[in-house]
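Asks: Shown below is the structure under consideration.
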Amino acid sequence: MWILARVARNLKHARSFSSAVPSPNIIHKRGIDILHDPWFNKDTAFPLTERDRLGLRGLLPPRVISFERQYDRFMDSYRSLENNTKNEHPNVVSLAKWRILNRLHDRNETLYYKVLIDNIKDFAPIIYTPTVGLVCQNYGGLFRRARGMYFSAKDKGEMMSMIYNWPSKQVDLIVLTDGSRILGLGDLGVQGIGIPIGKLDMYVAAAGINPQRILPVMLDVGTNNPRLLEDSLYLGLRQPRLEGDEYLSVVDEFMEAAFSRWPKAVVQFEDFQMKWAFETLQRYRKRFCMFNDDVQGTAGVALAGLLGAVRAQGRPLEDFVDQKIVVVGAGSAGLGVLGMAKHAILRMLRNRKNKTAHNPFWLLDKDGLVTKDRPHLDPAAAPFARGSGPGEIEGLTEGASLLEVIKKVKPHVLLGLSGVGGIFDEQILTAMRESDSTRPAIFAMSNPTANAECTAADAFKYAGENIIFASGSPFADVELGDGKTGHVNQANNMYLFPGVGLGALLSGAHHITDGMLQAAAKCLAAYITDNEIERGIIFPSISSIRHITTHVAAAVVQEAVDEQLAEGHGDVGPRELADMTEDETVDYVAKNMWYPVYSPIVREK
């Protein structure tokens, strides 16, 4: 089969409080220093024996409150906040929810991640998309406590020593940004640190990465945003962005420093502007275990959605090669999707008697349809530019508008990665009713919500009730009348990047290959049942995110083994990985996922 066997669906989505006694944390701290450390603080849950042993007696109220009761107390506070802010502006409500979660994160990480994991569907929109964009825009005013590390252009020559300022002896996952293209919001400079923080929270919640082994990193190379340069609360360098070799030398130095201290870490590049996204990906992917989420993660999620759309149209997956796909947006995400989809098509064609390849994509940017006649054609876009000959449509020339393209192509899929909110207007969506598919797919994948190409309500209203709809940010399902519901799929990278990072880590691979990323996409595409597909569901519920990530990571591990790249992790060597069945690999991944419980604390003398 081209896709993996369908994964089991009945894993429990929330784990109970563990009754097993976890391994102790051995620390050097004592007294008030422990209470001020969110990694080890248990607040009022410290038992009396630990209070005596660690010098905490008298520093806490005398009553011991259990982990379960602390959890309930926080959730009561959160629900009270929801009730008290019902009539406030949505942005005010979102930031208030972010603040209460952030305060818990600053104080008690174990309780924070327990709350996050058990309520991921409700809290992911707060700590991740879409609220994280709002947080980044206002980060200067919201900043209270440092989290992660900052490496600036002023630190040239010092990064190898700076990396040892991070207190954790072992780091497994690093998420790195330069703040140059935060979501669809553009250059936010050092305020972009909110993105690595949010992504790594998803790594902990979805992939079970130990929060003591994660590191959010901001590379501050300046900003070209005049508003930030004039903002008295801006926390970054007040200088234009470095370019060329000066810029690359900063990234080079950081990568060398990070892998010098943690040679088995996985680094995820996030929200780099297009020219640096592709440049750094090609520069480092063969030297380090790294990937670019905007290029490769988005591509994998989109490919899973495109395959799901084929199934929803009642066609075999092999018919993906015959789809007509209009892609709006020629940035790193758009070109990443096209590249991965093209590779998938080429693999499918190997099994066809008629192996004639054609270009199933129509790519548009701000200047319209991209063709080979375009002056100064971007080399990265050139493989997808329309030309002349078989497969071309008469009347579509360089710079043709989106409406012209849709009316003439009659695409099966309209895919938006433009970052331009509302670009799929009433005319565009209405034109999709003439698609050559009885069930066209519309993907409005740009984040945050304000940058989505269209809303779910407009898509179903103007394009028809039978469409397949997916968005990058969350929208509510749409009531269509007569008891029917227009299902909204969230085509978000959170379904893929945690599994890619975890799978790469547990395989011990030194590189993340296209094959590993495609294995992840195939696994995600296989997750949905036929019954769900018929109802227009092509992505699973976020409440299943740990289950999904377990299987995606296992698929990545198995692909690393197949490519002979797996070198093992911890006590599990490459031979043991190679001998594992698919079920055993899933079990191996699950057993290596961290879960929040209070560990006994022992002070090392």
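Each value in this text was obtained by applying a stated rule to the coordinates, not by laboratory testing. The structure displayed is predicted, hence computed values, not measured ones. As a convention, Cβ positions derive from the backbone with ideal geometry for all residues, glycine included, and neighbour counts pool all protein chains shown.
Asks: I'd like to know how segment 200-272 sits against the 2.2 N^0.38 Å rule of thumb: what's its Cα Rg over that expected value? Working shown, then result.
Replies: Numbers: Rg = 15.3 Å, N = 73, 2.2 N^0.38 = 11.2 Å.
Relative to the rule-of-thumb radius for its length, segment 200-272 sits at 1.36.
Asks: Just from the alpha-carbon atoms, what are the Rg and Dmax of segment 66-288 in angstroms?
Replies: Every Cα atom of segment 66-288 included, Rg and Dmax give 18.0, 55 Å.
Asks: Quickly rank 136-148, 492-504 as a protection proxy: mean count of other C-beta atoms within 10 Å, highest first.
Replies: 492-504, 136-148
Asks: When Rg is the radius of gyration of the Cα atoms in segment 296-491 and Rh is its Kirkwood radius, what does Rg/Rh come to?
Replies: Details: Rg = 15.9 Å, Rh = 16.8 Å.
Value, to two decimals: 0.95.
Asks: Ratio of Rg to Rh for segment 497-591, alpha carbon only, Kirkwood? Walk me through the numbers before you get to the answer.
Replies: Working: Rg = 13.5 Å, Rh = 13.4 Å.
A ratio of 1.01.
Asks: Roughly what % of Cα-Cα distances in segment 346-420 sit above 20 Å, to the whole percent? Please list the in-between numbers first.
Replies: Values: 994 of 2775 pairs.
When all Cα pairs of segment 346-420 are counted, 36 percent exceed 20 Å.
Asks: So if the hydrodynamic radius of segment 293-400 is defined as the Kirkwood radius over C-alpha pairs, what does Stokes-Einstein give as its diffusion coefficient at 20 °C and 1.002 mPa s, in µm² per second?
Replies: Details: Rh = 14.5 Å.
The calculation lands on 147 µm²/s.
Asks: What is segment 180-227 by shape, rounded, prolate or oblate, if you read a ≥ b ≥ c off the alpha carbon gyration tensor as root eigenvalues and call it rounded for a/c under 1.5, prolate for a/b larger than b/c, and oblate otherwise? Please list the in-between numbers first.
Replies: Working: a/c = 4.61, a/b = 2.31, b/c = 2.00.
It is prolate, given that a/c is not under 1.5 and a/b is the larger ratio.
Asks: What does the extension gain come out to for Asp231 and Lys169, with contour length at 0.36 nm per residue minus their alpha carbon separation? Display every interim value, and only then the final one.
Replies: Numbers: separation 62, 0.36 × 62 = 22.32 nm, distance 3.64 nm.
Extra length available between Asp231 and Lys169 comes to 18.7 nm.
Asks: To the nearest 20 Debye, how big is the dipole of segment 296-491 about its Cα centre, given +1 on the beta carbon of each Lys and Arg and -1 on that of each Asp and Glu? Working shown, then result.
Replies: On the way: 20 positive and 21 negative charges, 182 e Å.
Its charge dipole is roughly 880 debye.
Asks: At 7 Å along Cα-to-Cβ for each site, give me the label-to-label distance between Leu248 and Trp39 in nm.
Replies: Reported label-point gap for Leu248 and Trp39 is 3.6 nm.
Asks: Does segment 59-120 classify as rounded, prolate or oblate by the C-alpha gyration tensor (a ≥ b ≥ c root eigenvalues; a/c under 1.5 gives rounded; else a/b over b/c gives prolate, otherwise oblate)? Each step should come with its number before you reach the end.
Replies: Values: a/c = 2.11, a/b = 1.87, b/c = 1.13.
It comes out prolate by the Cα gyration axes.
Asks: Counting other beta carbons within 10 Å of each Cβ, put His510, His28 in order, fewest first. If you can, show how the numbers build up before the last one.
Replies: Working: His510 17, His28 8.
Sorted ascending by nearby Cβ count, the order is His28, His510.
Asks: What is the magnitude of the charge dipole of the chain about its Cα centre, with +1 placed on the Cβ of each Lys and Arg, -1 on the Cβ of each Asp and Glu, and no other charges, expressed in debye to the nearest 20?
Replies: Details: 67 positive and 71 negative charges, 263 e Å.
Dipole about the Cα centre, nearest 20: 1260 debye.
Asks: Let me ask another. Taking neighbour counts of Cβ atoms within 10 Å as a proxy for exposure, in what order, fewest first, do Ser435, Ser249 appear?
Replies: Working: Ser435 23, Ser249 13.
Lowest count first: Ser249, Ser435.
Asks: For labels at Arg53 and Asn84 in the simple 7 Å Cα→Cβ model, what's the distance in nm?
Replies: 3.8 nm
Asks: Identify all lysines with a Cα-Cα distance to Lys114 below 28 Å; exclude those on the same chain that are fewer than 8 residues away in sequence.
Replies: The qualifying lysines are Lys12, Lys29, Lys42, Lys86, Lys97, Lys169, Lys199, Lys264, Lys591.
Asks: Additional query: On C-alpha positions alone, give me the angle between the axis of helix 109-118 and the longest principal axis of the chain, in degrees, nearest 10.
Replies: Helix 109-118 and the main axis of the chain meet at about 40 degrees.
Asks: Okay, next question. Mind checking which of Ala450, Asn592, Leu200 is farthest towards the positive end of the chain's charge dipole, using Cβ charges of +1 (Lys, Arg) and -1 (Asp, Glu) about the Cα centre?
Replies: Towards the positive end, the residue furthest out is Asn592.
Asks: While we're on this one: Given a Förster distance of 25 Å, report the FRET efficiency between Tyr595 and Arg261 from their Cβ-Cβ distance, rounded to the nearest 0.05.
Replies: Numbers: r = 27 Å, r/R0 = 1.07.
Result of the calculation: an efficiency of 0.40.
Asks: While we're looking at this one, here's another question. With all pairs of different alpha carbon atoms counted, what Kirkwood hydrodynamic radius in Å does segment 378-490 show?
Replies: Numbers: mean 1/r = 0.0672 Å⁻¹.
Final number for the Kirkwood radius of segment 378-490 is 14.9 Å.
Asks: Okay, next question. Counting C-alpha atoms alone, how compact is the chain: give Rg to one decimal and Dmax as a whole number, in angstrom.
Replies: Computed over the Cα atoms of the chain, radius of gyration and Dmax are 24.4, 82 Å.
Asks: Still on this structure: By how many degrees, 0 to 90 and rounded to 10, does the Cα axis of helix 194-207 deviate from the longest principal axis of the chain?
Replies: 80 degrees
Asks: Using per-residue counts of other Cβ atoms within 10 Å, averaged over each peptide, order 556-568, 252-264 from highest down. Present the calculation step by step, with values, prior to reporting the outcome.
Replies: Numbers: 556-568: 20.8, 252-264: 17.5.
Averaged packing, sorted descending, gives the order 556-568, 252-264.
Asks: To check my understanding: the extent here is largest minus smallest coordinate of the Cα atoms along each principal axis. What are those three numbers for segment 427-546, in Å, largest first?
Replies: So the extents along the principal axes, rounded to whole Å, are 51, 31, 28.
Asks: How many times 2.2 N^0.38 Å is the alpha carbon radius of gyration of segment 127-205?
Replies: Numbers: Rg = 13.3 Å, N = 79, 2.2 N^0.38 = 11.6 Å.
Cα-based Rg divided by the globular estimate yields 1.15.
Asks: With the crude spin-label approximation of a point 7 Å out along Cα→Cβ, what separation in nm comes out for Gln282 versus His343?
Replies: 1.5 nm
Asks: Which listed residue (Thr110, Gln518, Thr177) has the Cα farthest towards the positive end of the charge dipole for the chain, taking +1 on Lys and Arg C-beta and -1 on Asp and Glu C-beta about the Cα centre?
Replies: Farthest towards the positive end: Thr110.
Asks: May I ask you to derive the FRET efficiency for Glu404 and Ile100 from their Cβ-Cβ distance with R0 = 35 Å, giving the value to the nearest 0.05? List each step's numbers first, then the result.
Replies: Working: r = 49 Å, r/R0 = 1.40.
The computed FRET efficiency comes out at 0.10.
Asks: Okay, next question. Too long at a 28 Å Cα-Cα cut-off: which of Lys121/Lys366; Lys342/Lys408; Lys275/Lys407?
Replies: With Cα atoms farther than 28 Å apart: Lys121/Lys366; Lys275/Lys407.
Asks: Per-residue HN-Hα couplings for segment 219-236, Karplus 6.51 cos²θ - 1.76 cosθ + 1.60 at θ = phi - 60°, whole Hz, x for Gly and Pro?
Replies: Couplings: 9, 8, 10, x, 8, 9, 8, x, 5, 5, 5, 9, 7, 5, 8, 5, 9, x Hz.
Asks: Given a Förster distance of 41 angstrom, what is the FRET efficiency for Thr430 paired with Ala382, based on the Cβ-Cβ distance and rounded to 0.05? Can you show the working numbers first?
Replies: Details: r = 32 Å, r/R0 = 0.78.
Efficiency for this residue pair is about 0.80.
Asks: By how many nm would the segment from Lys156 to Glu394 lengthen if fully extended, with 0.36 nm per residue of separation less the alpha-carbon distance?
Replies: Details: separation 238, 0.36 × 238 = 85.68 nm, distance 5.50 nm.
Length gained between Lys156 and Glu394: 80.2 nm.
Asks: Next question, about the same structure. Which of Ala491, Met255, Ile27 sits farthest toward the positive end of the charge dipole of the chain, with +1 on the Cβ of Lys and Arg and -1 on the Cβ of Asp and Glu?
Replies: It is Ile27, whose Cα lies furthest towards the positive end.
Asks: Angle, helix 514-526 long axis vs. longest principal axis of the chain, Cα atoms, 0 to 90°, nearest 10?
Replies: Helix 514-526 and the main axis of the chain meet at about 90 degrees.
Asks: Order 365-377, 191-203, 285-297 from most to least packed using the mean count of other Cβ atoms within 10 Å.
Replies: Details: 365-377: 14.4, 191-203: 26.6, 285-297: 23.0.
Result, highest mean first: 191-203, 285-297, 365-377.
Asks: Which of Tyr598, Tyr462 has the fewest other C-beta atoms within 10 Å, and how do the rest follow up to the most?
Replies: Numbers: Tyr598 24, Tyr462 20.
Ascending number of Cβ neighbours within 10 Å: Tyr462, Tyr598.
Asks: Under 18 Å from a point 7 Å along the Cα-to-Cβ line of Arg30: which residues of segment 46-80 have their amide N that close?
Replies: Under cut-off, by backbone N: 49-60.
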